[in-house]
1. Can you tell me, using C-alpha contacts under 8 Å and at least 6 residues apart, the relative contact order of the chain as a whole percent?
2. Using the 2.2 N^0.38 Å rule of thumb for compact globular proteins, work out how the range 6-126 stacks up: its C-alpha Rg over that value, please.
3. Which one, D116, D179, D270, has the greatest fluctuation when you compute a Gaussian network model over the chain with C-alpha springs under 10 angstrom?
4. For the pairs K50/K213; K238/K262; K161/K209; K50/K238, note any where the Cα-Cα span goes beyond 30 Å.
5. So which residue, out of M253, M264, M166, gets the largest mean-square fluctuation from a GNM of the chain using Cα contacts under 10 Å as springs?
6. Taking 35 Å as R0, compute the FRET efficiency from the Cβ-Cβ separation of D42 and D165 and round it to 0.05.
7. Go through T92, V52, S72 and say which Cα lies farthest out towards the positive end of the charge dipole of the range 6-126; charges sit on Cβ, +1 for Lys and Arg, -1 for Asp and Glu.
8. Taking all protein chains in place and a 1.4 Å probe, what share, in percent, of the accessible surface of the range 6-126 do carbon and sulfur account for?
Amino acid sequence: MTRRSVLRCLPGLLAATTVRSQDAPVRIEMGGGVIEVTFGSDQFDLPRQKIVDWVTLCARAVSSYFGRYPVSQARLEIQTAQGRRGVSGGVTYGEGGAHTRIRVGQHATEDDLNRDWILTHEFVHYGFPSMDRDRHWIEEGSATYVEPIARAAVQALPVEKVWGDMVRDMPQGLPAAGDQGLDRTHTWGRTYWGGALFCLLADVRIRQKTQCKKGLVDALRAINHAGGNVASDWPIEKALEMGDKATGGKVLMTLYGEMGAKPMEVDLPDLWRQLGVERQGGQITFHADAPLARVRSAISS
Ligand SMILES: [Zn+2]
């Protein structure tokens, strides 16, 4: 089996500009897991504790989604992006145990850290097994889909933003002319947002079929709790069948049949109407009388 060991979530920006310090790692215990955080330097405007608090909040968001921190041990290497602000260059590895490298700007502010989505996205990767290259879309898609929902669950992101960004960004996941399905079309849009669209459709269908008693979250928890994490290599069928079993149906395997080897058209404007989400000039309105309003609130509750 081919081991794909690197989930490179933002291309480029990876050249190390720091020297590793000799400090002992900072240990963060969260949801039954331990994250060992090392700092390349202390050249930040922010006190180190603020960065540790940000890591802790991202870990709490992901633990809340998976029902626990998705791996028992993880290593996080924080590098300094000299002269810059914000967070960039997240890369997650499964080989040799879950670990991530990420760059925090020397001049990053608390607000930059509050707005960051990258570290939560990387931590979500810990909760899903590694797949072969053709199935990379389910790894990136699930991280793209789960990250804002997990942050909203710990009040790190407003629910309006979860849905507003989805309405804005999901069209990038639709098949273009010549598309051959998610397994065979490895563009950026189909990998990240095509995979996220798969997850959204799966979540909606599971909740429709179970009167909102189950959701994609139950499938992903079952996969993770059975040992599916970034350090394990699984075929996609094993993960999806396990998710189907946990949610009492065949939604995931059926949807994989519809989207894996061929393009599937999705009427997104109609889906948003059914879910009761309206985005007008950046302003989000929820419609409680929409047919799937209950599904929408269950997803982001
Ligand atoms: Zn990623």
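The values are calculated or read from the model by the stated rules, or taken from the named source; none is laboratory data. Everything numeric in this text was worked out from a predicted model, so none of it was measured. So basically every Cβ, Gly included, is an ideal-geometry build from the backbone, and we count neighbours across all protein chains shown. Side chains are part of the model used for accessible areas, which takes the heavy atoms of the whole protein and leaves out ligands, DNA and RNA. Shrake-Rupley method; radii C 1.70, N 1.55, O 1.52, S 1.80 Å.
1. 17
2. Values: Rg = 13.1 Å, N = 121, 2.2 N^0.38 = 13.6 Å.
Cα Rg divided by the expected 2.2 N^0.38 Å: 0.96.
3. It is D270.
4. Working: K50/K213 38 Å; K238/K262 21 Å; K161/K209 26 Å; K50/K238 40 Å.
Beyond 30 Å between Cα atoms: K50/K213; K50/K238.
5. Greatest mean-square fluctuation among the candidates belongs to M264.
6. Values: r = 33 Å, r/R0 = 0.95.
That gives a FRET efficiency of 0.55.
7. T92
8. Numbers: 2530 of 5100 Å².
Carbon and sulfur atoms account for 50 percent of the accessible area of the range 6-126.
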